[in-house]
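Colleague: Okay, here's the structure, questions in a sec.
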């Protein structure tokens, strides 16, 4: 199946017929186990935020249903019927303290895309936003019937945890940070595959704060994953993309919203064409670009993360450009260009500057992307700031500390003057077998404005210079809004537009 779009949305009653068909397909082993329309209507009226679907190409691929309960009112050995109030969901309480998972499923044709992870990530974010203690639910163990004559439920779970037995449901829950708390006998009537046993699974909200009379402000946090890429020889594109996937997997494991690669991170592939001139070699490298973008788009979907691909050479109408792509986790792809090519890029490679500059709408707000040298031209980021940019990403490639210092210092200036966060990521190491790309110097960093709510030196986080690593950083978008209104200085508002103006032609 060709995936054009993946979206997470709240369930609506008009989705019911499609939802019913999806449930019947997902629960083939349990006939007549789907929820009736009256049940869905009840859930939507009581707790609309807790009912969410994931759609692929506008088609329902999976669903997660949940309620909020006052957990202390239930015994740890509760049954599914008890926790749901005999399927009426009158156990839902706005004053409850635990998000309880009623149901979650993915249609078989969409399994393997990590869509269930999106549903669980939504539940975790909802739990944190509503300031609940955690998440709980009874997890089925559908493979247990194959081992029930040899192992007790406890022995079975221990073997699953040790990877001696594969249980698709329990394995998934454990890998998503849910821990088994208790074995419940007679949990779900008619669940023959599990012998009616279930594992009480829990996830603790480490951000939970006991409710008080003080006002709790909800902050909008975005997690950035910056990849400080080591330049090393790769035998082919597959090996390079295996390394790229390793880093995507790593930063997504920390629930990052973005992964950013450096400028020309794929340069090691030019080694096979080192016998050619530099201009010819980089045009051979450009032949890999479409394949790399296609693979990154799949990784963005699989790992539920927005990927900024760094930049790569691309030929359009016989002209060579330095471009990158934003591969969103909803399946969409957007392109950005390097506006200002360096004198070296023009002289050695015959590269030309692009002309398209725009802000990108993402599920984490508006972002801008400038490639390396472009960060040294303040007009570009100011135009993006005027369009509402909150985070500026700068993938870069610099060979010397002098070049790095230009990108670093200019990027920090962009954070101050545009009241935004700026994240930069570069490559380290050496490529002795690639002309014009032999040495690299980098230190990936995240800059902030300089005011009381931010670090005094304007540096949120920084990687170790010239070392392969990842940098995981949280940035708070609400602080930018507060700065814009109440900052010690207001760089965006205090511009003298009566004597100068900036506009895009």
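Readers should treat all values here as calculations from the given coordinates under stated rules, not as data from a laboratory. Quick caveat, the model's predicted, so the values are computed rather than measured. Here the Cβ is made from the backbone with ideal geometry for all residues, glycine too, and neighbour counts use every protein chain on show.
Colleague: Roughly what angle does helix 289-302 make with the longest principal axis of the chain, taking Cα atoms, 0 to 90 degrees, to the nearest 10?
Modeller: 30
Colleague: How big is the range 268-375 on each of its three principal axes, counting only the C-alpha atoms and giving the largest first in Å?
Modeller: Extents along the principal axes, in whole Å: 43, 27, 23.
Colleague: Given 0.36 nm per residue, what is the gain on full extension from residue 182 to residue 347 after removing their alpha carbon distance, in nm?
Modeller: 52.6 nm
Colleague: What whole number of Å gives the distance from the Cα centroid of the range 1-57 to the Cα centroid of the range 341-361?
Modeller: If you average the Cα positions of each part, the centres end up 46 Å apart.
Colleague: Label residue 146 and residue 121 with points 7 Å out from Cα along Cα→Cβ: what is the distance between them in nm?
Modeller: The two pseudo-label positions are separated by 3.0 nm.
Colleague: Please rank 67, 227, fewest neighbouring Cβ atoms within 10 Å first, as an exposure proxy.
Modeller: Listing 67, 227 from fewest to most nearby Cβ atoms yields 67, 227.
Colleague: What value does the range 1-81 have for Rg/Rh, both radii from Cα atoms and Rh as Kirkwood defines it?
Modeller: Reported Rg/Rh (Cα atoms, Kirkwood Rh): 1.02.
Colleague: Also: Any idea how far apart residue 208 and residue 492 come out in nm if each label point goes 7 Å out from Cα toward Cβ?
Modeller: 3.7
Colleague: Tally the DSSP beta bridges in the chain and give the antiparallel ones as a percent, rounded to 5.
Modeller: If we restrict to bridges inside the chain, about 70 percent are antiparallel.
Colleague: I've got another one for you. In what sequence do 330, 238 fall when counting other Cβ within 10 Å, fewest first?
Modeller: Final ranking by Cβ density, sparse to dense: 238, 330.
Colleague: Something else now. So, R0 is 30 Å and r is the distance between the beta-carbons of residue 162 and residue 108; what FRET efficiency does that work out to, to 0.05?
Modeller: Using R0 = 30 Å, I get an efficiency of 0.65.
Colleague: Over the chain, with a single point scatterer placed on each C-alpha, what log10 of the ratio I(q)/I(0) does the Debye formula yield at q = 0.07, 0.11, 0.14 1/Å?
Modeller: Results for the chain at q = 0.07, 0.11, 0.14 Å⁻¹ read -0.46, -1.00, -1.31.
Colleague: Which percent, nearest 5, of DSSP beta bridges in the range 6-204 are antiparallel?
Modeller: 90
Colleague: Another question, if that's okay. Just want the ordering: 84, 400, from fewest to most Cβ atoms lying within 10 Å of their own Cβ.
Modeller: In order of increasing Cβ crowding within 10 Å: 400, 84.
Colleague: Report the paramagnetic label zone for residue 175: residues of the range 99-124 whose backbone N is under 13 Å from a point 7 Å from Cα along the Cα-to-Cβ axis.
Modeller: Residues 111-118 qualify, since their backbone N sits under 13 Å from the label point.
Colleague: Compute the acute angle (0 to 90°) between the alpha-carbon long axis of helix 115-129 and the principal axis of greatest extent of the alpha-carbon atoms of the chain; round to the nearest 10°.
Modeller: With rounding to tens, the tilt is 90 degrees.
Colleague: While we're here: Taking 1 over the mean of 1/r across every pair of different Cα atoms in the range 81-174, what Kirkwood radius in Å do you get?
Modeller: Computed over Cα pairs of the range 81-174, the Kirkwood hydrodynamic radius comes out at 15.4 Å.
Colleague: Stick to Cα atoms and the Kirkwood definition of Rh, then tell me Rg/Rh for the range 222-485.
Modeller: 0.94
Colleague: More than 21 Å apart: what percent of Cα pairs in the range 406-475 qualify?
Modeller: Percentage above 21 Å: 33.
Colleague: Can you bin the range 171-253 into rounded, prolate or oblate? Criterion: square roots of the alpha carbon gyration tensor eigenvalues sorted a ≥ b ≥ c, rounded for a/c under 1.5, prolate for a/b above b/c, oblate for the rest.
Modeller: Note, shape of the range 171-253 comes out oblate.
Colleague: What is the helix-to-structure angle for 477-486, meaning the angle in degrees between its Cα long axis and the longest Cα principal axis of the chain, kept from 0 to 90 and rounded to the nearest 10?
Modeller: Tilt relative to the chain: about 60 degrees.
Colleague: Can you pull the one-decimal nm distance between simple spin-label points at residue 37 and residue 438, each 7 Å off the Cα toward Cβ?
Modeller: Reported label-point gap for residue 37 and residue 438 is 7.4 nm.
Colleague: Let me ask something else. Under a no-solvent Debye model with one identical scatterer per Cα of the range 6-204, what's log10 I(q)/I(0) at q = 0.11, 0.15, 0.17 Å⁻¹?
Modeller: Taken in order of the listed q values, log10 I(q)/I(0) reads -0.48, -0.94, -1.24.
Colleague: Further question on the same structure: Considering only C-alpha atoms, what is the centroid distance from the range 296-333 to the range 109-132, in Å?
Modeller: 25
Colleague: Please state the relative contact order of the chain as a whole percent: Cα pairs under 8 Å, 6+ residues apart?
Modeller: 11
Colleague: Of the listed peptides 380-390, 194-204, 413-423, 352-362, what is their order by residue-averaged count of other C-beta atoms within 10 Å, with the highest listed first?
Modeller: Descending mean neighbour count gives 413-423, 194-204, 380-390, 352-362.
Colleague: Here's something else I'd like to know. Where the Cα atoms of the range 373-505 are projected onto their three principal axes, how long is each span, largest first, in whole Å?
Modeller: Extents along the principal axes: 54, 34, 20 Å.
Colleague: Taking Cα pairs under 8 Å and at least six residues apart, what relative contact order does the range 50-201 come out at, in percent?
Modeller: 23
Colleague: Take every Cα-Cα pair in the range 349-401 and report what % of them are more than 16 Å apart.
Modeller: 46
Colleague: With a cut-off of 11 Å, note down the residues of the range 168-202 whose backbone N falls inside the zone around a label point 7 Å from the Cα of residue 87 toward its beta carbon.
Modeller: Residues 189 fall inside that zone.
Colleague: Hey, with R₀ at 35 Å, roughly what FRET efficiency would residue 17 and residue 74 work out to, going by the Cβ-Cβ distance, to 0.05?
Modeller: Using R0 = 35 Å, I get an efficiency of 0.60.
Colleague: Per DSSP H run of at least 4 residues, take -39500 (n - 2.57); add these up for the chain, divide by its residues and hand me the 222 nm value, nearest 500 deg cm²/dmol.
Modeller: Estimated from H runs of four or more residues: -8000 deg cm²/dmol.
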